[in-house]
Amino acid sequence: MVVVEQKPARLAVGVVGAGRVGPALAAALKRAGHRPVAASAVSDASRRRAEALLPGVPLREPAAVLAEADLVLLTVPDDALPALVTGLAGTGAVRPGQLVVHTSGRYGTSVLEPALRAGALPLALHPAMTFTGTPVDVQRLVGCSFGVTAPGELRMAAEALVIEMGGEPEWIEEAARPLYHAGLAIGANHLVTLVAQARDLLKEAGVAEPGRMLGPLLGAALDNALRSGDAALTGPVARGDAGTVAAHLRELRVHAPEAVPSYVAMARATADRALANGMLKAEYAEALLGALADGGTTL
């Protein structure tokens, strides 16, 4: 039986998939005293990232990375992870006692079952952070929450690795991983789309520097939302200003028809939340929902 101490020993670290995440985590582990020994990279961009964040670390085929590493970071896209794990375990690349870590938000440790059968120690450590693929990512890990899933006997080791990278471990049950990841995707990925749409509309309206205008507004809105939840809702939907919403939609149909579906969907979701918490009065909601239903062709 393998005994895992609460504080991991100094480990030889390998990275399979030098995308934006893997090199940053390996660099953070290096800062904590661990030793990156090999990485795999396919594209020119991934090779450049590996060279920038892990200078001097040789690039190898995935099986060769596992041969040199005590701790392996599998940092590939979610859809590629199951086949990668199955393939590595099937070729005998996985060693008994080897820590095999993936960084997918979607999966817990069940996706690592083939590696577990080969004797590996499976960990799911997902940083709740957006990555740029540059050295700034290592600094962003400080204070970053990680969604941690691991077998009970490995929980302390998993949390210790997160702390060594500068992060804050947050335990996520295996069955809750997809829901956990959906929450993060809505908050981060969809936010980028919304901000990009807002920038485009302001530019179309003649604003010279949309980013400068949006920065303080969006910063305040985010801070208020994190502090107060639905109580932070403002604007025409929360107030029930159906005429304003209809005017928005008329302009969008002319200048940015591709933005109409997302505007309507988010406005309906906002109206539902505003109704539920009593901000939107029922007597105003009917006209508002009517404006959303007809896409701003009336009022």
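The values are calculated or read from the model by the stated rules, or taken from the named source; none is laboratory data. Please read all numbers here as calculations on a predicted model, not as lab measurements. Every residue, glycine among them, receives a Cβ derived from its backbone with ideal geometry; neighbour counts consider all protein chains shown. Just the protein is used for accessible areas: all its heavy atoms, side chains included, with ligands, DNA and RNA removed. Shrake-Rupley method; radii C 1.70, N 1.55, O 1.52, S 1.80 Å.
Answer yes or no as to whether residue 148 is over 30 Å from residue 10 (Cα atoms) and of a type outside the set (Ser, Thr, Tyr). No; evaluated as a whole, the condition is false for this residue.
Before we move on, is residue 97 more than 22 Å from the chain's Cα centre (by Cα) and at positive phi? Lay out the reasoning, then the answer.
Values: more than 22 Å from the chain's Cα centre (by Cα): yes; at positive phi: yes.
Yes: the conditions hold for residue 97.
Does residue 264 count as within 26 Å of residue 131 (Cβ to Cβ) and under 26 Å from the mean Cα position of the chain (by Cα)?
Working: within 26 Å of residue 131 (Cβ to Cβ): no; under 26 Å from the mean Cα position of the chain (by Cα): yes.
Answer is no for this residue.
Remark: pairs (first residue in segment 113-139, more than 23 Å from residue 160 (Cβ to Cβ) and at pLDDT below 95; second residue surrounded by fewer than 22 Cβ atoms within 10 Å (Cβ to Cβ) and among the hydrophobic types (A, V, I, L, M, F, W, C); Cβ separation under 8 Å; 6+ apart in sequence or on different chains) = 130/188; 133/45; 134/52; 135/52.
Out of 31, 10, 20, report the one residue that is open to solvent by 60 Å² or more (accessible area, probe 1.4 Å) and in contact with a strand residue (DSSP E or B) (Cβ under 8 Å, 6 or more places away or on another chain).
On the way: 31 fails: in contact with a strand residue (DSSP E or B) (Cβ under 8 Å, 6 or more places away or on another chain); 20 fails: in contact with a strand residue (DSSP E or B) (Cβ under 8 Å, 6 or more places away or on another chain).
Among 31, 10, 20, only 10 is open to solvent by 60 Å² or more (accessible area, probe 1.4 Å) and in contact with a strand residue (DSSP E or B) (Cβ under 8 Å, 6 or more places away or on another chain).
Across segment 77-94, the qualifying residues are those that are open to solvent by less than 20 Å² (accessible area, probe 1.4 Å) and within 24 Å of the chain's Cα centre (by Cα), and the one among them that is farthest from residue 23 (Cα to Cα) is 85. Residue 51 passes every criterion in (1) farther than 30 Å from residue 143 by Cβ; (2) of a type outside the set (Phe, Trp, Tyr); (3) open to solvent by 30 Å² or more (accessible area, probe 1.4 Å) apart from (1).
May I ask you to list the residues in segment 27-52 that are in contact with a helix residue (DSSP H, G or I) (Cβ under 8 Å, 6 or more places away or on another chain), at pLDDT below 95 and in a helix (DSSP H, G or I)? Within segment 27-52, 49, 50, 52 meet the criteria.
Return the residue satisfying two criteria in turn: it lies in segment 96-106 and is of a type outside the set (D, E, K, R) and farther than 14 Å from residue 158 by Cβ, and of such residues it is most open to solvent (accessible area, probe 1.4 Å). For segment 96-106, the residue satisfying everything is 96. Being part of a strand (DSSP E or B), in contact with a helix residue (DSSP H, G or I) (Cβ under 9 Å, 6 or more places away or on another chain) and not hydroxyl-bearing (Ser, Thr, Tyr) is the requirement here; does residue 94 meet it? It is false that residue 94 is part of a strand (DSSP E or B), in contact with a helix residue (DSSP H, G or I) (Cβ under 9 Å, 6 or more places away or on another chain) and not hydroxyl-bearing (Ser, Thr, Tyr). In segment 64-73 there is no residue that is among the β-branched types (Val, Ile, Thr) and open to solvent by 10 Å² or more (accessible area, probe 1.4 Å).
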